[in-house]
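The values are calculated or read from the model by the stated rules, or taken from the named source; none is laboratory data. A quick note: this is a predicted structure, and the numbers were derived from the prediction, not measured. Note that each Cβ is placed from the backbone with ideal geometry, even for glycine, and that neighbours are counted across all protein chains shown. Protein only, heavy atoms only, side chains kept; ligands, DNA and RNA dropped before computing areas. Shrake-Rupley method; radii C 1.70, N 1.55, O 1.52, S 1.80 Å.
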Amino acid sequence: MSMPKHSQDCRYIYYFRRKDSSKELMDSLSTPKLLASVLLLASLCVRAEVDDVPLSPYYYDGTCPLAELIVKQTVEAVVYRDPRMAASLLRLHFHDCFVLGCDASVLLDDTDGIVSEKNAGPNKNSLRGFEVIDLIKGLLEAACPSTVSCADILAMAARDAVHLRGGPTWKVYLGRKDSLKASLSEANKMIPAPNFTLDMLISNFQSHGLDVVDLVSLSGSHTIGRSRCVSFKGRIYGQDPVEPFEAYDHHRRYADFFRSLRSVCPPTGRDGVLVPLDSKTSRRFDNQYYRNLIRGHALLQSDDELASAAYAEEEAIARLVWAYAQDQRLFFRHYVSSIIKMGTINVLTGGEGEVRKNCRYVNAYYH
C-alpha cells in the first residue's frame with residue numbers, strides 16, 4: 001500500500017509549509033492561543049493521514065492484548081543494560097521504512113532468493129539491535145503465535161526507545177504485515193547518507209511522501225546515538241588534510257569542535273571509533289541537537305546542512321531548526337506527528353505480506 005495522499009489543507013497547518021509565509025507564521029505564532037490552535041490542527045491532520053491506511057492503535061486488543069506491554073518491558077530491560085540500544089532500535093525503524101516501506105524487510109537474513117539489506121553500505125557493521133527484535137518476537141510468539149508482525153514490533157520498539165531516553169511517547173498505529181522480500185539495491189540507494197546535501201535530503205524525503213517539516217523534526221533523532229569516524233572524516237579533514245575547512249570558517253564556528261573530533265578520529269585508521277551525534281546530551285532525547293546545529297557543532301554534514309539558508313525553502317528549514325532549539329515541546333509535537341506519518345510508508349496490510357514466525361526468515365523458508 002502506498003503512502004496516503006494528504007489533503008492540501010493539512011499540508012499547510014505546520015510551520016513553514018509555505019515558502020512565502022515562514023516569517024509571518026513565526027510572528028503570528030507568538031500568540032499562545034493561535035499556537036495551541038495550530039498544534040491541535042496539526043495533530044488532527046496526522047490522525048486523518050493515518051486514518052487513510054487500515055492501521056489502528058487497537059489492532060491487537062482482541063488477539064494479543066499484552067503485545068505492547070511485552071515490547072515495552074523488553075525494551076526497558078535491554079536499554080537499562082545498554083543505553084545506546086535505544087538509538088539503535090530507533091534507527092532500525094528508520095532504515096526499514098526508507099527501503100520498500102515499513103515492512104520489516106531490513107530484518108531478513110540471506111537465504112535462497114533473498115539478499116539481505118543488512119549487507120548494504122549504510123547498514124553493514126553499523127545497524128544493530130536485531131537480537132533484541134528476535135527476543136521480543138520469541139516472547140510474542142509464545143504469548144500469541146503468528147499474530148504480531150515484525151514490522152509492528154519495530155514501530156513499537158522505536159516508540160518505547162525514544163520515551164525511555166526522555167523523549168515523547170505516542171500511540172503506534174498497528175496492523176502492518178511483513179514483506180516477503182528484501183532489496184539490497186534499494187537499501188544502498190534510499191537511505192540518506194551522512195554527506196548528503198540539503199537538496200538531496202529534501203528530494204529523498206519527498207520520494208517517501210515526507211516534507212521539510214518531517215525532514216527537520218525526524219533529523220532530531222540524532223539527539224541520541226553515535227556515529228563512526230568514517231561517516232564524518234570527510235567533513236573534518238576535507239580533500240586536503242592540511243587545509244580542510246578553514247577557508248570557509250570565517251567566524252570559527254567549527255574550529256574548536258573539529259579540533260576535538262580530529263583528536264579522536266585521525267586522517268587514517270580508527271574508522272570504527274564511535275562519537276556521540278549530540279556532543280552535549282547524547283543519552284537523552286531532547287532538543288539539544290538543534291542547539292548544536294546553530295553553534296556549528298553538527299557531527300554529520302547532512303545535519304549541518306539543515307542550518308543553511310541560501311534559498312527560500314532552506315530558509316524555512318533553518319527557521320525550523322531555530323524554533324525547535326527554542327521550544328522542546330514544539331519539537332516533540334512535530335516529531336510525534338512525523339514519525340507516525342513515516343510509519344505508514346508503503347505498509348502491507350490485509351492479505352498483503354505475512355506475519356513472520358521468525359523475523360529473519362519468510363515463513364516459506366521453513367516449508
* To do: Please specify each residue of the stretch 281-303 satisfying the condition of being within 20 Å of Y335 (Cα to Cα) and either among the aromatic types (F, W, Y) or open to solvent by 20 Å² or more (accessible area, probe 1.4 Å) (or both).
  => T281, S282, R283, R284, F285, Q288, Y289, Y290, R291, I294
* Is it true that some residue in the stretch 341-350 is over 29 Å from E141 (Cβ atoms) and not aromatic (F, W, Y)? -> yes
* Hey, any hits in the stretch 273-283 for a residue that's part of a loop (DSSP other than H, G, I, E, B), more than 19 Å from the chain's Cα centre (by Cα) and touching a residue at least 40 places away in the same chain (Cβ under 8 Å)? -> yes
* Asked: Limited to the stretch 110-137, what total is found for residues that are over 19 Å from Y366 (Cα atoms), in a loop (DSSP other than H, G, I, E, B), polar (S, T, N, Q) and open to solvent by less than 80 Å² (accessible area, probe 1.4 Å)?
  -> 2
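Can you name every residue in the stretch 258-267 that is of a type outside the set (S, T, Y) and open to solvent by 20 Å² or more (accessible area, probe 1.4 Å)? Spell out how you get there, then give the answer.
Keep residues of the stretch 258-267 that are of a type outside the set (S, T, Y), which gives 258-259, 261-262, 264-267.
Residues satisfying the conditions are R259, R262, V264, P266, P267.
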* To do: Give the stretch 170-196 a look and list any residue that's in contact (Cβ under 8 Å) with a residue 60 or more places away in the chain and open to solvent by 60 Å² or more (accessible area, probe 1.4 Å), or say none.
  => K171, L180, K181, N188, N195
* Got a number for residues in the stretch 268-279 being open to solvent by 40 Å² or more (accessible area, probe 1.4 Å) and modelled with pLDDT of 90 or more? -> 2
* Could you list, in sequence order, all residues of the stretch 219-234 that are basic (K, R) and either open to solvent by 50 Å² or more (accessible area, probe 1.4 Å) or within 24 Å of F205 (Cβ to Cβ) (or both)? => R226, R228
* Asked: Of all residues in the stretch 235-254 being under 29 Å from the mean Cα position of the chain (by Cα) and open to solvent by less than 60 Å² (accessible area, probe 1.4 Å), which is modelled with the lowest pLDDT?
  -> F245
* Structure fact -> Going through (1) over 23 Å from R329 (Cα atoms); (2) modelled with pLDDT of 95 or more; (3) open to solvent by 30 Å² or more (accessible area, probe 1.4 Å) one by one, R91 fails only at (1)
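Let's see how each residue does on (1) buried (at least 16 other Cβ atoms within 10 Å of the Cβ); (2) out of contact with any strand residue (DSSP E or B) (no Cβ under 7 Å at 6 or more places or on another chain); (3) part of a loop (DSSP other than H, G, I, E, B):
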{"residue": "L320", "(1), (2), (3)": "yes, yes, no"}
{"residue": "L330", "(1), (2), (3)": "yes, yes, no"}
{"residue": "R333", "(1), (2), (3)": "yes, yes, no"}
{"residue": "S338", "(1), (2), (3)": "yes, yes, no"}
{"residue": "N346", "(1), (2), (3)": "yes, yes, yes"}
{"residue": "G350", "(1), (2), (3)": "no, yes, yes"}
{"residue": "R356", "(1), (2), (3)": "yes, no, yes"}
{"residue": "Y365", "(1), (2), (3)": "yes, no, no"}
